[in-house]
1. Checking Arg247 against (1) surrounded by fewer than 22 Cβ atoms within 10 Å (Cβ to Cβ); (2) modelled with pLDDT of 95 or more; (3) not in a helix (DSSP H, G or I): exactly one of these is not met. Which one?
2. Going residue by residue through the stretch 120-134, is there one that turns out to be within 26 Å of the chain's Cα centre (by Cα), in contact (Cβ under 8 Å) with a residue 40 or more places away in the chain and within 28 Å of Ser215 (Cβ to Cβ)?
3. Mind checking which residues of the stretch 148-195 are of a type in the set (Gly, Ala, Ser) and closer than 18 Å to Val338 by Cβ?
4. Name the single residue that is farthest from Pro5 (Cα to Cα) among those in the stretch 112-144 being more than 12 Å from the ligand (Cβ to nearest atom), among the polar types (S, T, N, Q) and modelled with pLDDT of 95 or more.
5. For residues in the stretch 47-65 being of a type outside the set (A, V, I, L, M) and touching a residue at least 40 places away in the same chain (Cβ under 8 Å), which is surrounded by the most Cβ atoms within 10 Å (Cβ to Cβ)?
6. Need the failing condition index for Ala44 against (1) without any contact (Cβ under 8 Å) to a residue 12 or more places away in the chain; (2) more than 9 Å from the ligand (Cβ to nearest atom), just the number.
7. Those residues that are touching a strand residue (DSSP E or B) at 6+ places or on another chain (Cβ under 8 Å) and part of a helix (DSSP H, G or I), I need them from the stretch 100-121; list them, please.
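The values are calculated or read from the model by the stated rules, or taken from the named source; none is laboratory data. These numbers were taken from a predicted model, which means no experiment stands behind them. Quick reminder, even Gly has a Cβ in these numbers, built from the backbone with ideal geometry, and neighbours come from all protein chains shown.
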Amino acid sequence: MTETPIEHADILIVGAGPVGLTLHLALAAGGQKSLLLDRRPREALQADPRALALSQGARELLEQIDSWPTRAATPIETIHISQKEGFGRTVIDRTDYDLPALGYVVRYRDLTGTLAANLADDALLAEAEIVDIQPGDNSVTVTLRHADTVRKIQAKLLVHAEGTPSDDPAVSVSDYAQHAVICEVTPTPGHNRRAWERFTPDGPLALLPLGDEYSIVFTLPPAKADAVMAMDDDAFIAALQTQFGSRMSFAKPGQRSRFPLALRLRETLVKGSEVWIGNSAQTLHPVSGQGFNLGIRDAWQLSEILLKNGVDRNSLAEYAASRRLDRRGSAFFTDQIVRVFSNDFGPLKLARGLGLLALDILPPARHFVAKRMIWGARAWP
Ligand SMILES: Cc1cc2nc3c(=O)[nH]c(=O)nc-3n(C[C@H](O)[C@H](O)[C@H](O)COP(=O)(O)OP(=O)(O)OC[C@H]3O[C@@H](n4cnc5c(N)ncnc54)[C@H](O)[C@@H]3O)c2cc1C
């Protein structure tokens, strides 16, 4: 193993997921260089099974860095929200908001592929393993192993965009005792660009239109998720049909994957010359599709502040203050939906039926929820 002399970078971004990639490209668009590193090989981004519902706001930001995956994005024109074995339902329609779509569904791999295609050749160190992080007075020195070489990089700022944190005392964890089983299925009749959010006592079930398919996010307690993962295709379709009801039938399930779900909130976004963005700052339940939509706003806000104020740790305090409302609001909104809707308690079932009914007949309440999904923080008065 060879060791090389110390290298210098203004900004080092750890994690080349969609949030780290967006930050790098937004900085580059403003003339600021940064270096990305990821422990995965480049091709691994193409193996991620998730589909993401992206807001109109996220689309507009991605367009500004020429990274909107036009052909891979399926528009959502209506969202139908209901509860299993309970009354009340509401429908949110794009025509009420004078928008081409309420949101778009894109495969994680298509989004990251489009972003990565815009990287310069020397922008990303893939398969890099961090060995040590040493905070200094006005910099951070990162030691990493890359291609049989140990490298030391001293950066003015270190941005953590490495996704969901593992156990860390700086991160509060609230376990939902739910796992998301995800998969693609073919619906009959066709989806007509309608997304479904169906609340069941086991957890929410989301159906997102994606090409001719539905991308399913099937939320279940861990033991039921074990069972669903082990089912053959026919049994899986039957289980899905039981949760969804009979308005549509499903066939040809693709490969299933699962994700344990918890709310993970980092209390402090900034420490010295280090800052946390995207899922490394907050990991939310996927129920209302807020995770990446929030993460891209983190990346955008950070790039704007660094481009305006310059690359120094003072900019980070402004960044942390500017993100407080959006991240807390999104975490609270998502957490409340999961807690209120994921149980079978009679009075709550009645209350949420009334809530859904109220959303349906009270346009201001419905508009608030819809705008929260379309624009995020801009929905707040
Ligand atoms: C089932 C499911 C459905 C979802 N649906 C939606 C949705 O509809 N809409 C939405 O907005 N969001 C959704 N999300 C959330 C969304 O996937 C995340 O918010 C988003 O992927 C976060 O991006 P990120 O770049 O912060 O992290 P990640 O996508 O996790 O990327 C992190 C990157 O960092 C790298 N990395 C990790 N550790 C290290 C290390 N030590 N050194 C170097 N590199 C490292 C990883 O290899 C990876 O490439 C969903 C999540 C799940 C689980």
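1. The number of the failed condition is (2).
2. Yes, some residue in the stretch 120-134 is within 26 Å of the chain's Cα centre (by Cα), in contact (Cβ under 8 Å) with a residue 40 or more places away in the chain and within 28 Å of Ser215 (Cβ to Cβ).
3. Ser172, Ser174, Ala177, Ala180, Ala195
4. Once the filter is applied, the top-ranked residue is Thr114.
5. Out of the qualifying residues, it is Ser55.
6. The single condition Ala44 does not satisfy is (2).
7. Tyr108, Leu111, Ala116
Conditions (1) exposed (fewer than 14 other Cβ atoms within 10 Å of the Cβ); (2) among the charged types (D, E, K, R); (3) under 19 Å from the mean Cα position of the chain (by Cα); (4) within 11 Å of the ligand (Cβ to nearest atom), marked per residue:
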| residue | (1), (2), (3), (4) |
| --- | --- |
| Ile11 | no, no, no, no |
| Gly17 | no, no, yes, yes |
| Ser67 | no, no, yes, no |
| Ala72 | no, no, yes, no |
